[in-house]
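Have a look at the structure below before the remarks.
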Amino acid sequence: MKLWEDKVRRTVPYTPGEQPQGTNLIKLNTNENPYPPAPGVEAVKNTMDTGRLRLYPDPSAGVLVDALAEYYHVGKDQVFVGVGSDDVLSVAFLTFFNSQKPVLFPDITYSFYPVWADIYRIPYETRPLDEDFRIRPQDYYGDNGGIVFPNPNAPTACYESLETVEEILKHNRDVVVIVDEAYIDFAGDGKSALKLLDKYDNLLVVQTFSKSRSMAGLRIGYAMGCPELIRAMNDVKYSINSYTMNLPSLLMGAEAVKDKAYFETCVAKIKATREKTKERLAALGFEFPDSQANFIFAKHPDYEGKELFEALRRQSIFVRYFDKPRIDQYLRITVGTDEQMDVLMKFFEEYMA
Ligand SMILES: *Cc1c(COP(=O)(O)O)cnc(C)c1O
């Protein structure tokens, strides 16, 4: 064994969802949006002066921060942007979770949280969701080093009310509470914890362009919080990599945010498809918690989750399966177009006939 091997920072990495390449497949495995980005994004592609790529981009990501601040009616000093919300969450973990006490998050949740905690040497503990996959707020009332949870949760798709979120905030005024709202736009108007921002200076709300805004390929995420939280995150960012956001991302991201009508139309279509899919899945005997996201977490009492996952895969229909305690009977199915869901449901109908 070479001596340097001893000094390597070993870590067990996050396993991203499979990204099969090809055209004749139905990809319902990583919660992407089936619709293209806003038309303004295409226009940027056609008009961008590639000569500008000679220069470094704006390290403060001004055009994008301004567009987000205007859209969400918050100050420009209340918005942090990063390379997908994975980058934003990673910076938030590094910035705010700096205690001997454990950070808390649910046992069934986004599986990146323990990975960041491990690599940054942050102690953590999980709190079990109840038997209906709901968060019990009182589980988060003890002494801790910070809290993070998605709302709606992944992969369960369960939405917790703002009252529940506020209960957790009220009992944790001395640590930062991160609400990961990757799917909040599918939950409905007025359900974001952004409403609580003025009341709680320890609240950080994280969102992304990857799902509701159809731009997973561009890698844009953002956080909103009080100016002190955002300043602290920027100090950490400028200590690692000042130029995180490339020029096309800044310009295309800003255009996407400005087109509210297109955004709302796409989200409404996905919600309508989701509700239809819920009915069809239930009619076939599937069981699932009520989804408030762009995916449905479903199991069937008569079929093994893994068996269904593999049978679908043989037909080039990709869904997500987690071989983990409590959830190994479930499939996480992204809501695609009506046509894609028709193919999926036809498959199930024939398979179960
Ligand atoms: C998809 C997802 C993210 C990360 O998305 P990015 O593409 O990095 O913006 C973060 N949290 C949850 C819960 C997600 O499902």
(request) Could you please let me know if residue 262 is among the aromatic types (Phe, Trp, Tyr), surrounded by 14 or more Cβ atoms within 10 Å (Cβ to Cβ) and within 16 Å of the ligand (Cβ to nearest atom)? (result) no
(request) Looking only at the stretch 198-231, count how many residues are under 15 Å from the mean Cα position of the chain (by Cα), under 20 Å from residue 94 (Cβ atoms), surrounded by fewer than 22 Cβ atoms within 10 Å (Cβ to Cβ) and more than 8 Å from the ligand (Cβ to nearest atom). (result) 0
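I'd like to check which helices (runs of 4 or more DSSP H) are fully inside the stretch 1-105 and have at least 2 residues that are within 23 Å of the chain's Cα centre (by Cα) and either surrounded by 15 or more Cβ atoms within 10 Å (Cβ to Cβ) or not acidic (Asp, Glu) (or both).
62-72, 84-96
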(request) Assess whether residue 185 counts as being under 17 Å from the mean Cα position of the chain (by Cα), assigned to a helix (DSSP H, G or I) and either over 21 Å from residue 113 (Cα atoms) or not basic (Lys, Arg) (or both). (result) yes
(message) If I ask for residues that are more than 22 Å from the chain's Cα centre (by Cα) and outside any helix (DSSP H, G or I), which ones from the stretch 232-291 would you list?
(response) 238, 239, 240, 241, 242, 243, 284, 285, 286, 287
(request) Taking the residues in the stretch 154-194 that are away from the ligand (no atom under 16 Å from the Cβ) and among the small types (Gly, Ala, Ser) as candidates, determine which candidate is surrounded by the most Cβ atoms within 10 Å (Cβ to Cβ). (result) 188
(request) For the stretch 314-331, state whether one or more residues are assigned to a helix (DSSP H, G or I) and among the charged types (D, E, K, R). (result) yes
(message) What are the pairs with Cβ atoms under 9 angstrom where one residue, in the stretch 195-222, is in a loop (DSSP other than H, G, I, E, B) and the other, located anywhere, is of a type in the set (Lys, Arg) and more than 9 Å from the ligand (Cβ to nearest atom)? Sequence gap at least six, or different chains.
(response) 200/170; 200/173; 201/173; 202/173; 220/213
(request) All but one of (1) under 26 Å from residue 331 (Cα atoms); (2) hydrophobic (A, V, I, L, M, F, W, C); (3) outside any helix (DSSP H, G or I) hold for residue 116, so report the exception by its number. (result) (3)
(message) I'd like the full set of residues that are of a type in the set (Asp, Glu) and under 19 Å from residue 81 (Cβ atoms), limited to the stretch 33-64.
(response) 58
(message) Can you list residue pairs whose Cβ atoms sit under 8 Å apart, with the first residue in the stretch 106-130 being away from the ligand (no atom under 13 Å from the Cβ) and the second being of a type in the set (Ser, Thr, Tyr) and at pLDDT below 95? Count only pairs 6 or more apart in sequence or on different chains.
(response) 118/11; 119/11
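Filter the stretch 139-153 for residues that are over 14 Å from residue 107 (Cα atoms) and within 12 Å of the ligand (Cβ to nearest atom); which is surrounded by the fewest Cβ atoms within 10 Å (Cβ to Cβ)? Lay out the reasoning, then the answer.
If we filter the stretch 139-153 for residues that are over 14 Å from residue 107 (Cα atoms), which is where we start, we get 141-146, 151-152.
Those still in the list that are within 12 Å of the ligand (Cβ to nearest atom) too: 151-152.
Numbers: 151: 26, 152: 24.
Within the stretch 139-153, the match that is surrounded by the fewest Cβ atoms within 10 Å (Cβ to Cβ) is 152.
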(message) Filter the stretch 160-182 down to the residues that are in a loop (DSSP other than H, G, I, E, B), under 16 Å from the mean Cα position of the chain (by Cα) and of a type outside the set (Asp, Glu) and list them by number.
(response) 182
(message) Can you list residue pairs whose Cβ atoms sit under 9 Å apart, with the first residue in the stretch 3-30 being on the phi > 0 side of the Ramachandran plot and the second being surrounded by 10 or more Cβ atoms within 10 Å (Cβ to Cβ) and not acidic (Asp, Glu)? Count only pairs 6 or more apart in sequence or on different chains.
(response) 22/316
(message) Please go through (1) out of contact with any Ser or Thr (no Cβ under 6 Å at 6 or more places or on another chain); (2) part of a strand (DSSP E or B) for residue 229 and return the number of the only condition it doesn't satisfy.
(response) (2)
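The values are calculated or read from the model by the stated rules, or taken from the named source; none is laboratory data. Since the structure is predicted, the reported quantities are computational estimates derived from the model, not experimental observations. Using ideal geometry, Cβ is built from the backbone for each residue, glycine included, and neighbour counts are taken over all protein chains shown.
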